[in-house]
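Just below is one structure, and these are the notes that go with it.
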Amino acid sequence: MAGIEPALPAPAHTADPLTPKAAADASPEPSPDSSSDSDDPSDSSDSRQGSCPDGSRDLSPVDRIAAVQDRLAGWISDLSTLHDLTEQLAGTRTLDEALHELLRAGASLVGARRGLVVLAPSDGLGPETTIGLGLGHADIGHIETVPRRALSYARILDGLPEPGACDDPPKGSARDAEARTEISEPDIPGEKDLDPRLREVAARLGYAASYAVPLIADPIGRTGAAVWLYDEPAAPTERQRHLIGLYRAHAAAHLARLLELHRAHQDTVTLREELLPSRLPRVPGVRLAVRHSTGPRGGGDWYDALPLPDGALGLAVGSVTGSGPSVVAAMGRLRASLRAYAVMEGEDPVAVLSDLELLLRLTEPARSATALFAFTEPPPGAPGGPPAPPMPAGLDDPFPRKLLLAGAGHCPPLLVGDLRTEFVETTLSAPLGMLACWEAPSVEIELAPGETLLFYSDGLLHRTGEAMDRAFTRLHAAAASVPKASRHDPEAIVDHIVRTLLPQGGLDDPASEEDVVLLAARFEE
């Protein structure tokens, strides 16, 4: 297997068939009249017969072949074990999974039952965490009450010298490198030089020995340390140390790769969160709720709720094709541009999307995007809204809310109310950036008081795992099944839809790479 040293030490269970003492006992006793300086050539030849490089003598060819086969069997067994463990480690996709697998595999290699691993990258960029094997949070808390200089894994992380050294070694010196290597404490209760608080915590938790190793890999360097705990005084054998050394070299490199991926994902998530609204605005007559989730590689789905002049409201949702930091940045530019166009000419959604398409085609011709923008004025008689017409005699119901919307290749919104649950029939149109010139007519709809309009991204449909036609059907059924008691609350509506459509992992399903946006706007009575 690549990376495994081909020449391993002899397994402990395959020691040489004859030790030097046994070989000496097996050799024939010299006769009293024999002489070491005999001139007989035959005597010299006989004395060399049966000699072996490993010191055994007088072994038959069959016994020698059996010994070699036994040793090769031990090597193959060790290689098979390392192959299986590294293969399981390579199958982990998150830092948490890899750290748990490292602890489990390391415990089997060194013969321990419990342990913990501390992730503390030396570059200071994080993340920092501690994960236990057979240890609860309270147990780890007890261990962390011990001074750092007394903890073997903390000494590795801090580069401190071995206990009993007169002073701290200079950074980069040979003593400094030595202080960062594995540390074995084979008898914690009986070792008098150890901190008494360490012995007290070890007795409370029921372990009597520990073995700690560093986790070092390029390009970060030291990423952390792992320590395994023994219930009785013990220490790993030379062969166990050799095997754990081979394994942790692979584990440290794998952790370093996952650490870089984790940091990149966190940076993308942070950037995306900063580019999306930090909170939804409060608009008279409208209640808003949103649920969104970013895929592991960062995607371009976005939403917006923008208070406009004269008490109007703009609602938008869209998606930039692709994934990664560049797509997130493009999503931020697109959303910011749409906000500017909405303030200038929001009452005409077609003009807003036309301007957005022209900007996208001129500045980022290699990208395409979908978008949907809706504009609604305040209800008649509301502050900033048109004057309320006289109510016909015998009618006391409030006037419906009018909403203008235009879409560019985006999923149609879904209208949910007590009397209807239906998709809004928007005009079919290509995504932005797909045609030489985009333009499509807008659609006007009337919303009865108490009805809710749902905007969503296609990631919500993709996460169902169904074909698109069946996914639309499931979304419609989920919206129609919202209990009447919950329909007055947009938060309850979006939660019900997410639970119904995605019963397994919800929005936090790590197996899905799709972004999800679900924005609900309920127009009050």
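The values are calculated or read from the model by the stated rules, or taken from the named source; none is laboratory data. Everything numeric in this text was worked out from a predicted model, so none of it was measured. Here the Cβ is made from the backbone with ideal geometry for all residues, glycine too, and neighbour counts use every protein chain on show. With ligands, DNA and RNA removed, areas are computed over all heavy atoms of the protein, side chains included. Shrake-Rupley method; radii C 1.70, N 1.55, O 1.52, S 1.80 Å.
Label-to-label distance for R113 and R470 is 4.9 nm, based on points extended 7 Å past Cα in the beta-carbon direction.
Report the trypsin sites (Lys or Arg not before Pro) located in the stretch 64-94 that are in a DSSP loop and have at most 13 other Cβ atoms inside 10 Å of their Cβ, or state none. Those satisfying the criteria are R93.
Taking I143, I65 and ordering them by how much accessible surface each has at a 1.4 Å probe, largest first, produces I65, I143. Taking label positions 7 Å along the Cα-Cβ direction at both H142 and R204, the computed distance is 0.6 nm, reported to one decimal. In this structure, D310 and R282 have a Cβ-Cβ separation that, at R0 = 22 Å, corresponds to a calculated FRET efficiency of about 0.85. Between E128 and E444, the contour length at 0.36 nm per residue exceeds the alpha carbon distance by 108.5 nm. The modelled label-to-label distance for the pair V62/D193, using points 7 Å beyond Cα in the direction of Cβ, is 5.3 nm. Calculated FRET efficiency, L261 to L79, Cβ-Cβ distance, R0 = 30 Å: about 0.55 to the nearest 0.05.
Among the trypsin sites (Lys or Arg not before Pro) in the stretch 187-291, those placed in a DSSP loop whose Cβ has at most 11 other Cβ atoms within 10 Å are K192, R279, R282. Rounded to whole numbers, the Karplus 3J(HN,Hα) couplings from phi for the stretch 316-327 are 9, 8, x, 7, 9, 5, x, 8, x, x, 5, 5 Hz, using 6.51 cos²θ - 1.76 cosθ + 1.60 with θ = phi - 60°, and x at Gly and Pro. The stretch 209-270 and the stretch 397-468 have Cα centres lying 51 Å from one another.
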